[in-house]
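Chemist: Quick one: the structure is below, questions incoming.
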Amino acid sequence: MQIVLTHSTQSDRLILLFAGWGMDARPLRKLTHRDYDIAVAFDYRNLTSDNLGLLDNYREICVIAWSFGVPAANAFLAGRPDLPVTARIAVNGTLQPVDDLRGIPRAIFEGTLNGLSAATLTKFQRRMCGSAALFAEFKEQAPERTDISELADELRAIDRLPEVPESDLRLWDTIYISDADRIIPAENQHRAWEGHRHIVGLPDSHLPDFATLLRNAIVSKPLIATRFSRSAESYITTAEAQRTIARRLFELIERESPKPDDILEIGCGTGFLTRLIAERYAGASLTLWDIANIPADLPGTHRQCDAETEIRQLPERSVDLIASASTIQWFNSPATFIRNCRRAVSNSGLLALSTFGPDHFDELQPYLDSTLHYPTSESWRQMLQSAGFKVVTISEERIEMKFTDTASLLRHISRTGVNALPSGPASTSIMRRLLNSGIDTLTYHAVYLIAEPD
(Lines give C-alpha, C1' and ligand atoms only; values in the text may rest on other atoms or scores of the structure.)
Protein backbone atom coordinates (compact mmCIF):
# COMPACT_ATOMS: atom_id res chain seq x y z
CA MET A 1 0.00 0.00 0.00
CA GLN A 2 1.16 3.51 -0.74
CA ILE A 3 0.20 6.65 1.20
CA VAL A 4 0.77 10.01 -0.48
CA LEU A 5 0.19 13.43 1.07
CA THR A 6 -1.73 15.40 -1.56
CA HIS A 7 -2.86 18.53 0.33
CA SER A 8 -1.17 20.24 3.26
CA THR A 9 -2.39 23.09 5.45
CA GLN A 10 0.27 22.42 8.11
CA SER A 11 -2.59 21.03 10.20
CA ASP A 12 -2.42 18.37 12.89
CA ARG A 13 -5.65 16.91 11.47
CA LEU A 14 -5.68 14.54 8.50
CA ILE A 15 -8.24 13.14 6.09
CA LEU A 16 -6.92 9.73 5.06
CA LEU A 17 -8.70 8.75 1.85
CA PHE A 18 -8.54 5.08 0.85
CA ALA A 19 -9.03 5.08 -2.92
CA GLY A 20 -10.61 2.31 -4.98
CA TRP A 21 -9.00 -0.51 -6.92
CA GLY A 22 -6.57 0.52 -9.65
CA MET A 23 -6.29 4.08 -8.35
CA ASP A 24 -3.36 6.18 -7.31
CA ALA A 25 -3.29 9.69 -5.84
CA ARG A 26 -3.52 11.47 -9.20
CA PRO A 27 -7.34 11.60 -9.63
CA LEU A 28 -7.68 13.00 -6.08
CA ARG A 29 -4.85 15.52 -5.99
CA LYS A 30 -7.13 18.54 -6.44
CA LEU A 31 -9.11 17.81 -3.29
CA THR A 32 -8.68 20.35 -0.49
CA HIS A 33 -10.07 21.10 2.96
CA ARG A 34 -9.67 24.34 4.86
CA ASP A 35 -8.74 22.66 8.18
CA TYR A 36 -7.31 19.24 7.30
CA ASP A 37 -4.37 17.82 5.41
CA ILE A 38 -5.32 15.11 2.91
CA ALA A 39 -3.45 11.88 2.16
CA VAL A 40 -4.48 9.20 -0.33
CA ALA A 41 -3.90 5.48 0.28
CA PHE A 42 -3.93 3.08 -2.68
CA ASP A 43 -2.54 -0.20 -4.09
CA TYR A 44 -3.79 -2.90 -1.72
CA ARG A 45 -1.53 -5.77 -2.81
CA ASN A 46 -0.41 -5.59 0.81
CA LEU A 47 -1.41 -3.34 3.70
CA THR A 48 2.03 -2.17 4.77
CA SER A 49 3.60 1.08 3.62
CA ASP A 50 6.99 2.76 3.69
CA ASN A 51 5.21 6.02 4.53
CA LEU A 52 3.30 4.98 7.66
CA GLY A 53 5.38 7.46 9.67
CA LEU A 54 3.41 10.22 7.97
CA LEU A 55 0.41 9.30 10.12
CA ASP A 56 2.36 9.95 13.33
CA ASN A 57 2.23 13.69 12.61
CA TYR A 58 -1.51 13.96 13.33
CA ARG A 59 -3.65 14.03 16.46
CA GLU A 60 -6.84 13.37 14.53
CA ILE A 61 -7.34 11.17 11.47
CA CYS A 62 -10.66 11.03 9.63
CA VAL A 63 -10.88 8.01 7.33
CA ILE A 64 -12.89 8.15 4.12
CA ALA A 65 -12.82 4.86 2.24
CA TRP A 66 -14.16 4.39 -1.27
CA SER A 67 -15.11 1.21 -3.14
CA PHE A 68 -12.62 -1.61 -2.50
CA GLY A 69 -10.83 0.87 -0.25
CA VAL A 70 -13.54 0.14 2.35
CA PRO A 71 -12.48 -3.46 3.17
CA ALA A 72 -8.81 -2.46 2.79
CA ALA A 73 -9.24 0.39 5.28
CA ASN A 74 -11.11 -1.85 7.70
CA ALA A 75 -8.32 -4.43 7.64
CA PHE A 76 -5.61 -1.77 7.92
CA LEU A 77 -7.26 -0.03 10.89
CA ALA A 78 -7.81 -3.34 12.68
CA GLY A 79 -4.04 -3.69 12.84
CA ARG A 80 -3.44 -0.09 13.95
CA PRO A 81 -5.64 0.58 17.01
CA ASP A 82 -3.09 3.18 18.13
CA LEU A 83 -4.04 5.61 15.37
CA PRO A 84 -6.11 8.63 16.55
CA VAL A 85 -8.99 7.85 14.22
CA THR A 86 -12.30 9.61 14.78
CA ALA A 87 -14.64 9.37 11.79
CA ARG A 88 -14.84 6.30 9.56
CA ILE A 89 -16.85 7.02 6.41
CA ALA A 90 -17.57 4.40 3.76
CA VAL A 91 -18.43 5.47 0.20
CA ASN A 92 -19.82 2.99 -2.35
CA GLY A 93 -18.16 0.01 -0.75
CA THR A 94 -18.82 -2.83 1.68
CA LEU A 95 -16.88 -5.01 4.09
CA GLN A 96 -17.62 -8.01 1.85
CA PRO A 97 -15.97 -6.90 -1.42
CA VAL A 98 -16.71 -10.08 -3.39
CA ASP A 99 -20.13 -11.38 -2.45
CA ASP A 100 -23.22 -12.18 -4.49
CA LEU A 101 -25.52 -10.38 -2.05
CA ARG A 102 -23.31 -7.82 -0.27
CA GLY A 103 -20.60 -6.79 -2.72
CA ILE A 104 -19.58 -7.39 -6.32
CA PRO A 105 -21.09 -10.73 -7.41
CA ARG A 106 -18.47 -13.46 -7.66
CA ALA A 107 -19.08 -14.16 -11.37
CA ILE A 108 -18.59 -10.49 -12.30
CA PHE A 109 -15.44 -10.26 -10.18
CA GLU A 110 -13.95 -13.40 -11.74
CA GLY A 111 -14.86 -12.20 -15.22
CA THR A 112 -13.13 -8.88 -14.57
CA LEU A 113 -10.02 -10.58 -13.20
CA ASN A 114 -9.72 -13.22 -15.93
CA GLY A 115 -10.38 -10.81 -18.78
CA LEU A 116 -8.35 -7.90 -17.47
CA SER A 117 -6.62 -5.88 -20.20
CA ALA A 118 -6.03 -2.25 -21.14
CA ALA A 119 -9.33 -2.24 -23.02
CA THR A 120 -11.39 -3.76 -20.19
CA LEU A 121 -9.74 -1.42 -17.68
CA THR A 122 -10.93 1.55 -19.76
CA LYS A 123 -14.41 0.01 -19.92
CA PHE A 124 -14.41 -0.36 -16.12
CA GLN A 125 -13.42 3.26 -15.64
CA ARG A 126 -16.16 4.41 -18.01
CA ARG A 127 -18.77 2.44 -16.00
CA MET A 128 -17.28 3.81 -12.79
CA CYS A 129 -17.79 7.40 -13.98
CA GLY A 130 -21.32 6.78 -15.24
CA SER A 131 -21.40 9.54 -17.86
CA ALA A 132 -19.32 10.55 -20.86
CA ALA A 133 -18.70 14.01 -19.39
CA LEU A 134 -17.39 12.68 -16.08
CA PHE A 135 -15.29 10.06 -17.86
CA ALA A 136 -13.69 12.75 -20.04
CA GLU A 137 -12.88 14.74 -16.89
CA PHE A 138 -11.53 11.62 -15.18
CA LYS A 139 -9.21 10.79 -18.12
CA GLU A 140 -7.47 14.17 -17.72
CA GLN A 141 -6.24 13.08 -14.29
CA ALA A 142 -6.46 9.29 -14.65
CA PRO A 143 -4.23 7.07 -12.49
CA GLU A 144 -0.87 6.17 -13.96
CA ARG A 145 -1.04 2.54 -12.81
CA THR A 146 -1.30 0.64 -16.09
CA ASP A 147 0.56 -2.60 -15.33
CA ILE A 148 -2.20 -5.20 -15.85
CA SER A 149 -0.46 -7.94 -13.86
CA GLU A 150 -0.06 -5.56 -10.92
CA LEU A 151 -3.73 -4.61 -11.03
CA ALA A 152 -4.72 -8.28 -11.21
CA ASP A 153 -2.59 -8.99 -8.15
CA GLU A 154 -4.39 -6.19 -6.32
CA LEU A 155 -7.77 -7.76 -7.11
CA ARG A 156 -6.57 -11.12 -5.81
CA ALA A 157 -5.27 -9.51 -2.61
CA ILE A 158 -8.61 -7.80 -2.00
CA ASP A 159 -10.40 -11.11 -2.51
CA ARG A 160 -8.12 -12.72 0.11
CA LEU A 161 -8.90 -10.19 2.84
CA PRO A 162 -10.13 -12.01 5.96
CA GLU A 163 -13.80 -12.09 6.82
CA VAL A 164 -14.82 -9.38 9.25
CA PRO A 165 -16.94 -9.81 12.38
CA GLU A 166 -20.36 -8.22 12.25
CA SER A 167 -19.30 -5.87 15.05
CA ASP A 168 -16.97 -4.11 12.59
CA LEU A 169 -20.00 -2.62 10.83
CA ARG A 170 -20.73 -0.52 13.92
CA LEU A 171 -17.25 1.04 13.80
CA TRP A 172 -18.20 2.94 10.63
CA ASP A 173 -19.97 6.23 11.29
CA THR A 174 -21.54 7.09 7.96
CA ILE A 175 -22.30 5.03 4.85
CA TYR A 176 -22.73 6.79 1.49
CA ILE A 177 -24.41 4.80 -1.29
CA SER A 178 -24.89 6.00 -4.87
CA ASP A 179 -28.20 4.91 -6.35
CA ALA A 180 -26.63 4.96 -9.84
CA ASP A 181 -23.62 2.80 -8.91
CA ARG A 182 -22.83 0.46 -11.85
CA ILE A 183 -19.86 -1.23 -10.15
CA ILE A 184 -21.14 -2.42 -6.75
CA PRO A 185 -24.94 -2.72 -7.01
CA ALA A 186 -26.69 -0.27 -4.70
CA GLU A 187 -29.06 -2.98 -3.48
CA ASN A 188 -26.07 -5.09 -2.43
CA GLN A 189 -24.60 -2.16 -0.55
CA HIS A 190 -27.86 -1.51 1.28
CA ARG A 191 -28.05 -5.20 2.17
CA ALA A 192 -24.45 -5.19 3.44
CA TRP A 193 -25.07 -2.20 5.72
CA GLU A 194 -28.63 -3.13 6.71
CA GLY A 195 -29.55 -1.72 10.12
CA HIS A 196 -26.69 0.79 10.18
CA ARG A 197 -27.56 3.97 12.07
CA HIS A 198 -26.58 6.44 9.31
CA ILE A 199 -26.90 5.66 5.60
CA VAL A 200 -26.91 8.57 3.14
CA GLY A 201 -27.98 8.34 -0.49
CA LEU A 202 -25.93 10.02 -3.22
CA PRO A 203 -27.09 11.12 -6.70
CA ASP A 204 -23.71 10.11 -8.13
CA SER A 205 -22.19 7.18 -10.01
CA HIS A 206 -19.66 4.83 -8.39
CA LEU A 207 -17.19 7.73 -8.56
CA PRO A 208 -18.67 10.30 -6.15
CA ASP A 209 -18.31 14.06 -5.98
CA PHE A 210 -15.50 13.96 -3.44
CA ALA A 211 -15.20 17.75 -3.13
CA THR A 212 -18.80 18.04 -1.91
CA LEU A 213 -18.52 14.92 0.20
CA LEU A 214 -15.47 16.20 2.08
CA ARG A 215 -17.16 19.52 2.69
CA ASN A 216 -20.28 17.87 4.10
CA ALA A 217 -18.80 14.92 5.96
CA ILE A 218 -15.98 16.52 7.99
CA VAL A 219 -16.50 19.15 10.68
CA SER A 220 -14.47 22.37 10.41
CA LYS A 221 -13.44 22.54 14.06
CA PRO A 222 -11.31 25.72 13.91
CA LEU A 223 -14.32 27.50 12.38
CA ILE A 224 -16.47 26.29 15.28
CA ALA A 225 -13.94 27.63 17.78
CA THR A 226 -13.81 31.00 16.02
CA ARG A 227 -17.59 31.38 15.92
CA PHE A 228 -18.03 30.40 19.54
CA SER A 229 -15.35 32.79 20.74
CA ARG A 230 -16.76 35.62 18.65
CA SER A 231 -20.28 35.25 20.05
CA ALA A 232 -19.48 34.38 23.67
CA GLU A 233 -20.86 37.65 25.07
CA SER A 234 -24.16 37.50 23.16
CA TYR A 235 -24.49 33.78 23.87
CA ILE A 236 -25.01 34.42 27.58
CA THR A 237 -28.10 36.54 26.96
CA THR A 238 -29.42 34.85 23.81
CA ALA A 239 -29.02 31.09 24.29
CA GLU A 240 -32.06 30.53 26.48
CA ALA A 241 -32.80 27.12 25.00
CA GLN A 242 -29.25 25.96 25.71
CA ARG A 243 -29.55 27.30 29.26
CA THR A 244 -32.74 25.28 29.74
CA ILE A 245 -31.10 22.17 28.31
CA ALA A 246 -28.13 22.54 30.65
CA ARG A 247 -30.50 22.83 33.62
CA ARG A 248 -32.42 19.70 32.58
CA LEU A 249 -29.18 17.75 32.15
CA PHE A 250 -27.93 18.88 35.55
CA GLU A 251 -31.16 17.69 37.19
CA LEU A 252 -30.58 14.23 35.70
CA ILE A 253 -26.96 14.25 36.86
CA GLU A 254 -27.94 15.26 40.37
CA ARG A 255 -30.48 12.45 40.52
CA GLU A 256 -28.06 9.74 39.35
CA SER A 257 -24.63 10.86 40.61
CA PRO A 258 -24.77 11.80 44.30
CA LYS A 259 -21.06 12.45 44.95
CA PRO A 260 -18.42 12.29 42.17
CA ASP A 261 -14.85 13.10 43.16
CA ASP A 262 -13.43 13.82 39.69
CA ILE A 263 -15.57 15.65 37.14
CA LEU A 264 -14.80 16.46 33.51
CA GLU A 265 -17.08 18.82 31.60
CA ILE A 266 -16.66 18.87 27.84
CA GLY A 267 -17.73 21.94 25.86
CA CYS A 268 -18.27 24.17 28.87
CA GLY A 269 -18.92 27.26 26.73
CA THR A 270 -19.98 30.21 28.88
CA GLY A 271 -20.67 27.97 31.87
CA PHE A 272 -24.42 27.23 31.98
CA LEU A 273 -23.80 23.67 33.18
CA THR A 274 -20.45 24.44 34.83
CA ARG A 275 -21.85 26.74 37.50
CA LEU A 276 -24.60 24.30 38.46
CA ILE A 277 -22.10 21.45 38.81
CA ALA A 278 -19.58 23.57 40.73
CA GLU A 279 -22.18 24.70 43.25
CA ARG A 280 -23.64 21.23 43.81
CA TYR A 281 -20.29 19.38 43.97
CA ALA A 282 -18.15 22.02 45.62
CA GLY A 283 -15.57 19.59 46.98
CA ALA A 284 -14.96 17.73 43.73
CA SER A 285 -12.07 18.19 41.32
CA LEU A 286 -13.53 19.93 38.26
CA THR A 287 -11.82 20.06 34.85
CA LEU A 288 -13.22 22.05 31.93
CA TRP A 289 -12.46 21.40 28.26
CA ASP A 290 -13.55 23.51 25.32
CA ILE A 291 -12.33 24.05 21.78
CA ALA A 292 -12.92 27.81 22.21
CA ASN A 293 -11.59 30.19 24.83
CA ILE A 294 -12.81 29.31 28.33
CA PRO A 295 -13.98 32.32 30.40
CA ALA A 296 -11.46 33.06 33.14
CA ASP A 297 -14.16 33.44 35.79
CA LEU A 298 -15.34 29.84 35.47
CA PRO A 299 -14.22 27.51 38.29
CA GLY A 300 -12.03 24.47 37.89
CA THR A 301 -8.98 23.62 35.80
CA HIS A 302 -9.21 24.92 32.22
CA ARG A 303 -7.90 23.28 29.07
CA GLN A 304 -8.58 24.62 25.59
CA CYS A 305 -8.50 21.53 23.39
CA ASP A 306 -10.38 19.34 20.96
CA ALA A 307 -12.16 16.99 23.37
CA GLU A 308 -12.81 14.41 20.67
CA THR A 309 -9.09 13.70 20.42
CA GLU A 310 -8.02 14.69 23.94
CA ILE A 311 -10.30 12.06 25.52
CA ARG A 312 -7.90 9.39 24.23
CA GLN A 313 -5.19 10.73 26.55
CA LEU A 314 -7.11 10.22 29.81
CA PRO A 315 -5.95 7.33 32.01
CA GLU A 316 -8.33 4.41 32.29
CA ARG A 317 -11.15 4.76 34.85
CA SER A 318 -9.84 8.17 35.95
CA VAL A 319 -13.07 10.24 35.92
CA ASP A 320 -16.24 9.78 37.99
CA LEU A 321 -18.45 12.03 35.89
CA ILE A 322 -18.09 13.06 32.24
CA ALA A 323 -20.71 15.67 31.38
CA SER A 324 -21.38 17.60 28.19
CA ALA A 325 -24.28 19.84 27.16
CA SER A 326 -25.08 20.68 23.51
CA THR A 327 -21.60 19.81 22.22
CA ILE A 328 -21.11 16.28 20.84
CA GLN A 329 -23.18 16.92 17.71
CA TRP A 330 -20.13 18.83 16.46
CA PHE A 331 -17.82 15.82 16.74
CA ASN A 332 -16.72 13.90 13.67
CA SER A 333 -17.54 10.62 15.43
CA PRO A 334 -19.71 10.76 18.54
CA ALA A 335 -19.66 6.93 18.59
CA THR A 336 -15.85 6.84 18.85
CA PHE A 337 -15.97 9.55 21.51
CA ILE A 338 -18.41 7.47 23.56
CA ARG A 339 -16.14 4.41 23.28
CA ASN A 340 -13.24 6.49 24.57
CA CYS A 341 -15.42 7.77 27.42
CA ARG A 342 -16.13 4.19 28.44
CA ARG A 343 -12.41 3.61 28.90
CA ALA A 344 -11.96 6.83 30.91
CA VAL A 345 -14.96 6.73 33.23
CA SER A 346 -14.63 4.90 36.55
CA ASN A 347 -16.50 1.67 37.19
CA SER A 348 -18.99 3.49 39.43
CA GLY A 349 -18.98 6.63 37.28
CA LEU A 350 -21.49 8.28 34.98
CA LEU A 351 -21.63 9.65 31.43
CA ALA A 352 -24.15 12.48 31.08
CA LEU A 353 -24.72 14.08 27.68
CA SER A 354 -27.22 16.30 25.97
CA THR A 355 -27.34 16.69 22.22
CA PHE A 356 -29.97 17.30 19.53
CA GLY A 357 -32.42 15.00 17.78
CA PRO A 358 -33.67 14.70 14.18
CA ASP A 359 -36.28 17.48 14.56
CA HIS A 360 -33.71 20.06 15.62
CA PHE A 361 -34.23 23.34 13.67
CA ASP A 362 -36.81 21.46 11.64
CA GLU A 363 -38.26 24.71 10.28
CA LEU A 364 -34.96 25.55 8.56
CA GLN A 365 -34.18 22.20 6.97
CA PRO A 366 -35.97 22.81 3.63
CA TYR A 367 -33.71 25.82 3.08
CA LEU A 368 -30.37 24.52 4.29
CA ASP A 369 -27.85 21.99 3.08
CA SER A 370 -27.16 20.87 6.63
CA THR A 371 -23.99 18.86 7.15
CA LEU A 372 -24.90 17.70 10.65
CA HIS A 373 -26.48 14.35 11.40
CA TYR A 374 -28.78 14.16 14.42
CA PRO A 375 -29.20 10.49 15.44
CA THR A 376 -32.43 9.18 16.91
CA SER A 377 -32.70 8.17 20.55
CA GLU A 378 -32.59 4.53 19.49
CA SER A 379 -29.32 5.15 17.59
CA TRP A 380 -27.84 6.75 20.71
CA ARG A 381 -28.96 3.73 22.74
CA GLN A 382 -27.16 1.41 20.31
CA MET A 383 -23.99 3.52 20.43
CA LEU A 384 -23.93 3.53 24.23
CA GLN A 385 -24.58 -0.19 24.54
CA SER A 386 -22.01 -1.06 21.87
CA ALA A 387 -19.45 0.97 23.82
CA GLY A 388 -20.10 -1.01 27.01
CA PHE A 389 -22.46 1.37 28.78
CA LYS A 390 -25.72 0.53 30.50
CA VAL A 391 -28.36 3.10 29.59
CA VAL A 392 -29.88 4.74 32.66
CA THR A 393 -31.97 7.41 30.92
CA ILE A 394 -32.71 8.51 27.39
CA SER A 395 -35.28 11.26 27.10
CA GLU A 396 -36.29 13.95 24.63
CA GLU A 397 -37.66 17.47 24.81
CA ARG A 398 -38.79 19.96 22.18
CA ILE A 399 -38.31 23.60 23.06
CA GLU A 400 -40.20 25.92 20.72
CA MET A 401 -39.13 29.54 20.46
CA LYS A 402 -41.32 32.23 18.89
CA PHE A 403 -39.96 35.38 17.19
CA THR A 404 -41.51 38.54 15.80
CA ASP A 405 -40.24 37.80 12.29
CA THR A 406 -37.69 35.75 10.34
CA ALA A 407 -34.96 38.38 10.68
CA SER A 408 -35.23 38.19 14.48
CA LEU A 409 -35.02 34.39 14.32
CA LEU A 410 -31.88 34.49 12.19
CA ARG A 411 -30.26 37.05 14.50
CA HIS A 412 -30.98 34.73 17.42
CA ILE A 413 -29.19 31.84 15.68
CA SER A 414 -26.24 33.99 14.73
CA ARG A 415 -25.79 35.29 18.28
CA THR A 416 -25.50 31.77 19.66
CA GLY A 417 -22.25 31.25 17.75
CA VAL A 418 -21.96 27.92 15.97
CA ASN A 419 -25.14 27.52 13.99
CA ALA A 420 -26.85 26.13 10.94
CA LEU A 421 -26.66 29.34 8.94
CA PRO A 422 -24.76 28.97 5.66
CA SER A 423 -21.37 30.38 4.75
CA GLY A 424 -19.52 30.49 1.47
CA PRO A 425 -20.60 31.33 -2.08
CA ALA A 426 -24.16 30.01 -1.76
CA SER A 427 -24.94 31.85 1.47
CA THR A 428 -26.46 34.99 -0.09
CA SER A 429 -29.17 33.19 -2.06
CA ILE A 430 -30.00 30.87 0.84
CA MET A 431 -30.30 33.75 3.27
CA ARG A 432 -32.57 35.58 0.83
CA ARG A 433 -34.83 32.53 0.61
CA LEU A 434 -34.93 32.27 4.39
CA LEU A 435 -35.82 35.94 4.83
CA ASN A 436 -38.66 35.52 2.36
CA SER A 437 -39.93 32.34 4.02
CA GLY A 438 -41.90 33.97 6.83
CA ILE A 439 -40.58 31.50 9.40
CA ASP A 440 -40.98 32.85 12.93
CA THR A 441 -40.72 29.66 15.03
CA LEU A 442 -37.63 27.62 15.88
CA THR A 443 -37.61 24.16 17.47
CA TYR A 444 -34.77 22.88 19.62
CA HIS A 445 -35.03 19.08 19.81
CA ALA A 446 -33.00 18.13 22.88
CA VAL A 447 -31.93 14.56 23.66
CA TYR A 448 -30.63 13.65 27.14
CA LEU A 449 -28.38 10.61 27.65
CA ILE A 450 -27.37 9.19 31.04
CA ALA A 451 -25.31 6.00 31.12
CA GLU A 452 -23.10 4.02 33.49
CA PRO A 453 -20.50 1.30 32.83
CA ASP A 454 -22.16 -2.03 32.23
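Chemist: Select the helices (runs of 4 or more DSSP H) contained entirely in segment 92-187, then report the ones holding at least 3 residues which are surrounded by 12 or more Cβ atoms within 10 Å (Cβ to Cβ) and in contact (Cβ under 8 Å) with a residue 60 or more places away in the chain.
Modeler: Hits in segment 92-187: 118-129, 148-159.
Chemist: Could you say whether any residue in segment 17-30 is over 16 Å from the mean Cα position of the chain (by Cα), small (Gly, Ala, Ser) and open to solvent by 20 Å² or more (accessible area, probe 1.4 Å)?
Modeler: No, because not a single residue in segment 17-30 is over 16 Å from the mean Cα position of the chain (by Cα), small (Gly, Ala, Ser) and open to solvent by 20 Å² or more (accessible area, probe 1.4 Å).
Chemist: Continuing with the same structure: Among the residues of segment 363-384, how many are assigned to a helix (DSSP H, G or I), surrounded by 15 or more Cβ atoms within 10 Å (Cβ to Cβ) and under 23 Å from the mean Cα position of the chain (by Cα)?
Modeler: Here the count works out to 9.
Chemist: Okay, moving on. Counting only residues that are assigned to a helix (DSSP H, G or I) and open to solvent by less than 10 Å² (accessible area, probe 1.4 Å), which one in segment 45-70 is nearest to residue 150 (Cα to Cα)?
Modeler: Only one residue fits best here, namely 69.
Chemist: Restricting attention to segment 396-429, and to residues there that are open to solvent by 30 Å² or more (accessible area, probe 1.4 Å) and part of a helix (DSSP H, G or I), which single residue is modelled with the highest pLDDT?
Modeler: 407
Each row is one residue, and each column tells you yes or no for (1) without any contact (Cβ under 8 Å) to a residue 60 or more places away in the chain; (2) at positive phi.
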site	(1), (2)
10	yes, yes
13	no, no
20	no, no
23	no, no
27	no, no
31	no, no
60	no, no
68	no, no
80	yes, no
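Chemist: Confirm whether residue 345 is touching a Phe, Trp or Tyr at 6+ places or on another chain (Cβ under 9 Å), at pLDDT 95 or above and among the aliphatic types (A, V, I, L, M).
Modeler: It is true that residue 345 is touching a Phe, Trp or Tyr at 6+ places or on another chain (Cβ under 9 Å), at pLDDT 95 or above and among the aliphatic types (A, V, I, L, M).
Chemist: Since residue 248 meets every condition but one in (1) open to solvent by 70 Å² or more (accessible area, probe 1.4 Å); (2) at pLDDT 95 or above; (3) over 29 Å from the mean Cα position of the chain (by Cα), which condition does it not meet?
Modeler: Here residue 248 clears every test but (3).
Chemist: Please state which of the following conditions residue 3 fails to meet, knowing it meets all the rest: (1) of a type outside the set (D, E, K, R); (2) outside any loop (DSSP other than H, G, I, E, B); (3) in contact with a strand residue (DSSP E or B) (Cβ under 8 Å, 6 or more places away or on another chain); (4) within 21 Å of residue 199 (Cβ to Cβ).
Modeler: Checking residue 3 against (1) of a type outside the set (D, E, K, R); (2) outside any loop (DSSP other than H, G, I, E, B); (3) in contact with a strand residue (DSSP E or B) (Cβ under 8 Å, 6 or more places away or on another chain); (4) within 21 Å of residue 199 (Cβ to Cβ), the one that fails is (4).
Chemist: Could you tell me how many of the residues in segment 188-208 are crowded, with 20+ Cβ neighbours inside 10 Å and of a type in the set (A, V, I, L, M)?
Modeler: Number satisfying all stated conditions: 2.
Chemist: Okay, next question. Could you list all residues from segment 71-91 that are of a type in the set (D, E, K, R) and assigned to a loop (DSSP other than H, G, I, E, B)?
Modeler: Passing the criteria: 80, 82.
Chemist: Provide a single number: the residues in segment 252-274 that are closer than 24 Å to residue 331 by Cβ and assigned to a helix (DSSP H, G or I). Give the derivation first.
Modeler: From segment 252-274, those closer than 24 Å to residue 331 by Cβ are 252-253, 256-257, 260, 262-274; that's our starting set.
Of the ones still in play, those that are also assigned to a helix (DSSP H, G or I) are 252-253, 256, 272-274.
Adding up the residues that qualify gives 6.
Chemist: Still on this structure, please answer the following. Tally the residues that are of a type in the set (A, V, I, L, M, F, W, C), assigned to a loop (DSSP other than H, G, I, E, B) and open to solvent by 20 Å² or more (accessible area, probe 1.4 Å), restricting the search to segment 292-333.
Modeler: The first filter runs over segment 292-333 and keeps only residues of a type in the set (A, V, I, L, M, F, W, C), leaving 292, 294, 296, 298, 305, 307, 311, 314, 319, 321-323, 325, 328, 330-331.
Now restrict to residues that are assigned to a loop (DSSP other than H, G, I, E, B): 292, 294, 296, 298, 305, 314, 331.
From what's left, open to solvent by 20 Å² or more (accessible area, probe 1.4 Å): 294, 296, 314, 331.
The total comes to 4.
The values are calculated or read from the model by the stated rules, or taken from the named source; none is laboratory data. Just so you know, these numbers come straight off a predicted model, no measurement behind them. Heads up, the Cβs are rebuilt from the backbone with ideal geometry, glycines too, and the neighbour counts pull from every protein chain shown. These accessible areas exclude ligands, DNA and RNA; they are computed on the full protein's heavy atoms, side chains included. Shrake-Rupley method; radii C 1.70, N 1.55, O 1.52, S 1.80 Å.
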